[in-house]
Amino acid sequence: PNIWYRARMSWPEGDGTRSVVGVTLPGTPALIAGSNGDVAWAFTTSGGDWGDLVVVETDSLDPGRYRTPDGWRDFETVPEVIGIARSAPDTLWIEQTIWGPLWTEDLQGRPLAFRFAAHDAEAANFELLGMETATSVDEVARRAGSFGVPGLDLFHADRAGRVGWSLVGRL
């Protein structure tokens with residue numbers, strides 16, 4: 001099934017009605033691409049490198065621990081359940097660090113954690129809802145730096161025919 005969900009939302013505002021139309025993703029309270037009548041917008045993948053591999057130093061006396069800037073800490077093991085059609089689900093057990101999940105090892109056999117900027121707590125917010133009331137490319141450009149989304153390209157245009165591009169999200 002398609003991941004995009006078409007949506008139209010309208011509500012009373014002042015002496016009139018505010019209306020937005022576009023597409024959203026399941027669980028997302030804002031339009032990812034759409035228009036409010038004054039401004040239209042859409043996102044694309046920026047192609048940036050927003051992740052890092054972090055060398056994880058394990059405790060030689062207790063391999064279930066790793067060094068953090070605040071001292072030794074136990075790995076957290078979390079289940080990832082994968083549903084399989086016409087079969088029992090499979091469960092992967094993922095070892096987590098403060099930087100993200102263990103991903104692989106380097107050439108020296110040291111574990112590497114994958115740190116993704118979009119997983120930072122500061123990378124998620126509801127500022128994208130401001131697009132519902134934006135009236136110009138200039139206003140979108142001013143707001144774009146506050147959007148809590150993964151690193152994305154934001155393309156926008158306004159009623160006056162002006163267009164803009166902004167790199168948004170946690171970098």
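Only the coordinates and a few stated rules stand behind these numbers; no lab work does. Keep in mind the model is a prediction, meaning the values are calculated, not measured. Cβ coordinates were reconstructed from backbone atoms using ideal geometry, including for glycine residues, and neighbour counts include every protein chain displayed.
Computed on the stretch 57-149, the Cα convex hull volume stands at 191 Å³ per residue.
Packing, taken as the mean count of other beta carbons within 10 Å per residue, orders the peptides 63-69, 127-133, 156-162 from highest to lowest as 127-133, 156-162, 63-69. In this entry, the stretch 119-171 is assigned a mean projected area of 3.3 nm², taken as a quarter of its C-alpha convex hull surface. Between amide H atoms placed 1.01 Å from N, distances below 5 Å from Arg159 occur with no residue 5 or more places distant or on a separate chain. For the stretch 1-74, the dipole from Cβ point charges (+1 on Lys and Arg, -1 on Asp and Glu) about the Cα centre works out to 420 debye, to the nearest 20.
In this structure the amide hydrogen of Ile32, modeled in the peptide plane, comes within under 5 Å of the amide hydrogens of Val23, Thr24, Leu25, none closer than 5 places in sequence on its chain.
Counting every alpha-carbon pair across the stretch 1-156, the share separated by more than 18 Å comes to 70%.
Assign unit charges at the C-beta atoms only (+1 for Lys and Arg, -1 for Asp and Glu), then state the dipole size of the stretch 59-113 relative to its Cα centre in Debye, rounded to the nearest 20. Could the numbers behind the result be given before it?
Details: 5 positive and 10 negative charges, 19 e Å.
With Lys and Arg at +1 and Asp and Glu at -1, about 100 debye.
The separation of the stretch 120-142 from the stretch 1-43, counted between C-alpha centres, amounts to 13 Å.
Residues in the stretch 69-83 carry Karplus couplings, in order, of x, 9, x, 6, 8, 6, 4, 9, 9, 10, x, 10, 8, 10, x Hz; the curve used is 6.51 cos²θ - 1.76 cosθ + 1.60 with θ = phi - 60°, and Gly or Pro positions show x.
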